[in-house]
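The values are calculated or read from the model by the stated rules, or taken from the named source; none is laboratory data. Worth saying up front: this structure is predicted, and the values here are computed from it rather than measured. All Cβ positions, even for glycine, are placed from backbone atoms using ideal geometry, and neighbour counts span all protein chains on display. Note: accessible area is taken over every heavy atom of the protein model, side chains too, but ligands, DNA and RNA are not part of it. Shrake-Rupley method; radii C 1.70, N 1.55, O 1.52, S 1.80 Å.
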Amino acid sequence: MTDEELIAAVAAGDRDAFAALYRRRRPDVYRFALHMTGLPATAEDVAQDVFLTVIQEAGRYAPGRSAVVAWLLGIARNHARRRLSARQFEPLPGGGSEPGVQADPAEGLARVQQVDALRRALGSLPMAYREAVVLCDLQELSYQDAAAAAGCAIGTVRSRLHRGRQMLAAKMRGHAVGGRTPREYAEYADSWVVEHSELI
C-alpha cells in the first residue's frame, strides 16, 4: 500500500494500516526530530506525539497537497518547536563516524571531527534555517514538500536553505579539519552537508 492508502485506512480505523505506516515512517519522523532538538529522548517523545496525532487526525490529510512524509514532518515540526521552547538545543554526543572499519585511523578521526563540527553548527542555526537544511538536505524533501512541512512558500524555503547553508559555512570557518585551511573548509562545508547527510 502507498502512504496515501495507509493514511486513508488509518482514518477509517484500520489498526494494521497504522502499524504499517508507523514502521515505514517512524524513522523519518525520529530523524527529523533528532536533528531539530539534538536530544534522543526528546526525539522519541516527538515521534510518539506525531503518531498519536495521526490516530486522531488522519482524516485531515489532504492528498495532492503534500506527500504523507511531508505532512508527518509538519506535525513533527510543531511538536519539536513546542518542546524546544522549554529547552535549549543540545548537540548530539560525539563519535558520529560512519559504520565500518576505517583503514586509516587519522582519516577516521578527521571524519568524526567533521561530523561533530557540522552537527554543532547545524544545532546553532536559528530554527527557520535549521528546518530548511534538515528538510531539504537531510530528509531530502522536494522544495514543495519542505514548504508544506514548514508551512511557508516554496520561495521562502529556497531562500532559507540558501541562507542556512551560508550560515553553516560561516560557522565552519573556525574549523581546519583534515588538512584544510579554515577558508578551504568553509567552501567545502556547503557541499559536504549534502553529500554526507546520512552521517549527520
Practice item. Would you kindly derive the ³J(HN,Hα) couplings of region 70-75 from the backbone phi angles with the Karplus curve 6.51 cos²θ - 1.76 cosθ + 1.60 (θ = phi - 60°), listing them in order in whole Hz, with x for Gly and Pro? Key: 5, 4, 4, 5, x, 5
Review point. What ³J(HN,Hα) values, in whole Hz, does the Karplus curve 6.51 cos²θ - 1.76 cosθ + 1.60 give for region 31-37 when θ = phi - 60°, with x put for Gly and Pro?
Key: 4, 4, 5, 5, 5, 7, 9
Check your understanding: In Å², what does the accessible area per residue of region 1-65 work out to with a 1.4 Å probe?
Key -> 53 Å²
Practice item. Evaluate the distance, in nm, between pseudo-label points positioned 7 Å from the Cα of ILE55 and of SER142 along their respective Cα→Cβ axes. Key: 3.2 nm
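If you add up the charges near VAL157, with Lys and Arg at +1 and Asp and Glu at -1, over every other residue whose beta carbon is less than 14 angstrom from its beta carbon, what do you get?
Working: positive: ARG77, ARG130, ARG158, ARG160, ARG163, ARG165; negative: GLU131, ASP137, GLU140, ASP145.
Neighbour charge sum, excluding VAL157 itself: +2.
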Revision key, fill the gap. Note, region 130-135: 3J(HN,Hα) by Karplus (6.51, -1.76, 1.60, θ = phi - 60°), whole Hz, Gly/Pro = x, goes 4, 4, 4, 5, 5, 5
